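I have placed the structure first, in the form of structure tokens, so that the comments after it can refer back to it.
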Amino acid sequence: MNSHVIALYTCAAAVVAPGLQVITAWTVGHRAAPPQLLAALWRRPAPGVAAGLVALMAAMGVVQTAAPGIMGHLERTPDGPWWRAVTAMFVQTSGWTQLTFNLAAVAVIAPVAQRRLGPVLMPVVFLLSGIAAHTVSMAGWSVHGGGDSVALCGLVGALACAYALTGEQTPLRWVALLVPASGVVLSVLENNHGIGVLTGSVLGTALILGSAGVRARAASAASIAPSA
């Protein structure tokens, strides 16, 4: 195992471990067994957009299993049309391991992302992160393939940066910064997951700072408004 591979696995751990801690902190507030965490993530009212995303990815998994040839029409290719940067997110070209892992990941990440980012911004972050990563890949980093892990990395990046700015547990706020830092390293290593992480991190930070600005302006307007 060379230094490049070691760096990739280290960065993957630095995204997954803090990301899972952030998800757990925002869902149950303490360590929880996987069944307890999953039940809390999908508590009522159910996050409908997240459920739709899980259903879509599961359906695409069935389609590509029944008709493997479809992957050749949707995956990214160096000379393919631009829209393959979108469709590549919906086929898992590395087989059952990728398909199983990514389905499990979307079932864990999507519901908390919808509750924290909102039902509109969650899919926006997912799509933009995935498109950015697949576009860079098509340009030369990794010209063939597909998968939604890069889009999920965007959601993790957004959640991590949001927690770093607003989370209740100070130590975890610092730990969460490992996620965008790993995105930088992965991008230097020309791994498309880094682009996904960084895109989501920028969008998540902009969302939090924008919301804070709106609240500040609203509070300022309320403080100077004449009393009835």
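Okay, here's what the table says:
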{"item": "Residue count for segment 52-87, restricted to those that are of a type in the set (G, A, S), farther than 17 Å from S142 by Cα and touching a residue at least 12 places away in the same chain (Cβ under 8 Å)", "result": "2"}
{"item": "Any hit, segment 98-113, residues being in contact with a Pro (Cβ under 6 Å, 6 or more places away or on another chain) and crowded, with 17+ Cβ neighbours inside 10 Å", "result": "yes"}
{"item": "Residue under evaluation V143, criteria (1) among the hydrophobic types (A, V, I, L, M, F, W, C); (2) assigned to a helix (DSSP H, G or I); (3) touching a Ser or Thr at 6+ places or on another chain (Cβ under 8 Å), criterion not met", "result": "(2)"}
{"item": "Candidate set from segment 78-91 (those that are out of contact with any strand residue (DSSP E or B) (no Cβ under 9 Å at 6 or more places or on another chain) and at pLDDT below 95); member that is nearest to G147 (Cα to Cα)", "result": "W83"}
{"item": "All positions within segment 155-184 that are of a type in the set (V, I, T) and surrounded by fewer than 17 Cβ atoms within 10 Å (Cβ to Cβ)", "result": "T166, T170, V184"}
{"item": "Tally, over segment 88-104, of residues that are free of Cβ contacts under 8 Å to residues at least 24 places away in the same chain and of a type outside the set (A, V, I, L, M, F, W, C)", "result": "3"}
{"item": "Residues located in segment 127-136, provided they are over 21 Å from V112 (Cα atoms), buried (at least 24 other Cβ atoms within 10 Å of the Cβ) and small (G, A, S)", "result": "A133"}
{"item": "Boolean, S149 is crowded, with 24+ Cβ neighbours inside 10 Å, out of contact with any Pro (no Cβ under 6 Å at 6 or more places or on another chain), of a type in the set (S, T, Y) and closer than 30 Å to R44 by Cβ", "result": "no"}
{"item": "Residues that are under 16 Å from the mean Cα position of the chain (by Cα) and over 19 Å from P18 (Cα atoms), drawn from segment 100-121", "result": "L103, G118, P119, V120, L121"}
{"item": "Helices (runs of 4 or more DSSP H) (entirely within segment 1-87) containing at least 1 residues that are aromatic (F, W, Y) and loosely packed, with under 14 Cβ neighbours inside 10 Å", "result": "3-27"}
{"item": "Helices (runs of 4 or more DSSP H) fully within segment 147-207 counting 2 or more residues that are within 15 Å of A12 (Cα to Cα) and free of Cβ contacts under 8 Å to residues at least 40 places away in the same chain", "result": "178-188"}
{"item": "Odd one out for A139 among (1) of a type in the set (G, A, S); (2) free of Cβ contacts under 8 Å to residues at least 24 places away in the same chain; (3) closer than 16 Å to A206 by Cα", "result": "(3)"}
{"item": "Output for segment 26-68, where each listed residue is at pLDDT below 95, hydrophobic (A, V, I, L, M, F, W, C) and under 15 Å from A110 (Cα atoms)", "result": "W26, L37, L38, A39, A40, L41, W42, A46"}
{"item": "All positions within segment 173-214 that are in contact with a Cys (Cβ under 6 Å, 6 or more places away or on another chain) and closer than 19 Å to A139 by Cβ", "result": "L186, H193, G196, V197"}
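The values are calculated or read from the model by the stated rules, or taken from the named source; none is laboratory data. All of these numbers come straight from a predicted model, not from anything done at the bench. Because the Cβ atoms are built from the backbone with ideal geometry, glycine has one as well, and the counts that use them run over all protein chains shown.
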